[in-house]
Amino acid sequence: MTTATPPINNTQFSVNMTTKSQEQSLYQSSGAIVAAIVVGVIIIFTVVLLILKTYNRRMRVKRELEPKTAKPAMAPALGQNSNSLTQHPTVTFIPVDIHMQNR
């Protein structure tokens, strides 16, 4: 007695293989796209950082090389009461936890 084996459907097998290979290539390409985006962002941040460092260095050198100019004295805004602008009020602090004894 021989048993009959069902014939293998080659079209269904090949469709499954192409689908899996397409899915696999899709996953691989999406991973490559994500990696390319991450590398691009890192490159952009690096370029911006280098530009800012260069700008900061140039501005610092420019500030250091500029001649120091004396600031002009400010004109009093209140006229005769100009002395009140230069006097600073004093504040006296008395701690609350020190108790004075009255005897």
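The values are calculated or read from the model by the stated rules, or taken from the named source; none is laboratory data. Source: prediction; values computed, not measured. Methodologically, a virtual Cβ is constructed for each residue, glycine included, from the backbone with ideal geometry; neighbour enumeration extends over all protein chains shown. Keep in mind that these areas ignore ligands, DNA and RNA; they rest on the heavy atoms of the full protein, side chains included. Shrake-Rupley method; radii C 1.70, N 1.55, O 1.52, S 1.80 Å.
Being of a type in the set (Val, Ile, Thr), in a helix (DSSP H, G or I), at pLDDT 60 or above and open to solvent by 100 Å² or more (accessible area, probe 1.4 Å) holds for only one residue in Ile94, Ile51, and it is Ile51.
Contact map, region 9-38: first residue loosely packed, with under 10 Cβ neighbours inside 10 Å, second residue at pLDDT below 90 and not in a helix (DSSP H, G or I), Cβ cut-off under 9 Å, separation 6 or more or different chains; the map is empty.
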